[in-house]
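Undergrad: I'd like to ask you about the structure that follows.
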Amino acid sequence: MIETLILKRVRALLSDPARWTQGEMARNMFGAPTDPAGPNATCWCLMGAIQRETNDDPFLAGSVYQILRTQLQGQSVSDFNDSRATTHADVMALLDKAIESSEST
């Protein structure tokens with residue numbers, strides 16, 4: 001399933017806490033907002049990482065978001081990512097659960 005591959009690539013991209021951000025789709029090395037698919041991006045939110053790894057394909061990104069929303073029991077991916085209560089470990093755990101779920105279907 002292509003969604004599983006995308007989720008694994010997103011997980012790899014965000015595996016280093018320094019490559020994850022909140023409040024913007026992506027940031028450059030100075031912390032300024034930037035295009036998630038652009039060459040200056042050095043860290044991404046969960047949605048920005050999905051956008052990057054799907055090459056901004058809305059159908060594929062939508063499928064990946066749906067897998068994550070199922071794990072979040074309907075909560076929006078951006079609300080989860082940007083919550084002050086959400087940690088990098090929480091994002092990694094969500095991706096792990098989503099990958100496991102998508103591999104079993």
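Undergrad: Just the residues that are aromatic (Phe, Trp, Tyr) and at pLDDT 95 or above, please, taken from the range 36-59.
TA: As a first pass, look at the range 36-59 and keep what is aromatic (Phe, Trp, Tyr): 44, 59.
Once the filter is applied, which keeps residues that are aromatic (Phe, Trp, Tyr) and at pLDDT 95 or above, the range 36-59 yields only TRP44.
Undergrad: Also, I was wondering about something else. Can you tell me which residue is nearest to THR87 (Cα to Cα) among those in the range 22-43 that are small (Gly, Ala, Ser) and in contact with a Ser or Thr (Cβ under 7 Å, 6 or more places away or on another chain)?
TA: Residues of the range 22-43 small (Gly, Ala, Ser): 23, 26, 31-32, 37-38, 41.
Still in the running and in contact with a Ser or Thr (Cβ under 7 Å, 6 or more places away or on another chain): 26, 41.
Details: ALA26: 17, ALA41: 20 Å.
For the range 22-43, the residue satisfying everything is ALA26.
Undergrad: Does GLY23 satisfy the criteria of being in a loop (DSSP other than H, G, I, E, B), in contact (Cβ under 8 Å) with a residue 24 or more places away in the chain and either touching a Pro at 6+ places or on another chain (Cβ under 7 Å) or not β-branched (Val, Ile, Thr) (or both)? Steps first, please.
TA: Numbers: in a loop (DSSP other than H, G, I, E, B): yes; in contact (Cβ under 8 Å) with a residue 24 or more places away in the chain: yes; either touching a Pro at 6+ places or on another chain (Cβ under 7 Å) or not β-branched (Val, Ile, Thr) (or both): yes.
The answer is yes for GLY23.
Undergrad: Find all pairs meeting these conditions: Cβ atoms under 6 angstrom apart; at least six residues apart or on different chains; first residue within the range 75-96 and open to solvent by 40 Å² or more (accessible area, probe 1.4 Å); second residue among the small types (Gly, Ala, Ser) and not in a helix (DSSP H, G or I).
TA: Listed pairs, sorted by first residue: ASP82/GLY23.
Undergrad: Looking at PRO33, PRO17, which is the one that is at pLDDT 95 or above, touching a Lys or Arg at 6+ places or on another chain (Cβ under 9 Å) and not β-branched (Val, Ile, Thr)?
TA: Numbers: PRO17 fails: touching a Lys or Arg at 6+ places or on another chain (Cβ under 9 Å).
Within the list PRO33, PRO17, the selection yields PRO33.
The values are calculated or read from the model by the stated rules, or taken from the named source; none is laboratory data. Computed from a prediction, not measured in an experiment: that's the story for all the values here. Cβ: placed from backbone, ideal geometry, glycine included. Neighbour counts: every protein chain shown. What goes into the accessible areas is simple: the full protein's heavy atoms, side chains included, and nothing from ligands, DNA or RNA. Shrake-Rupley method; radii C 1.70, N 1.55, O 1.52, S 1.80 Å.
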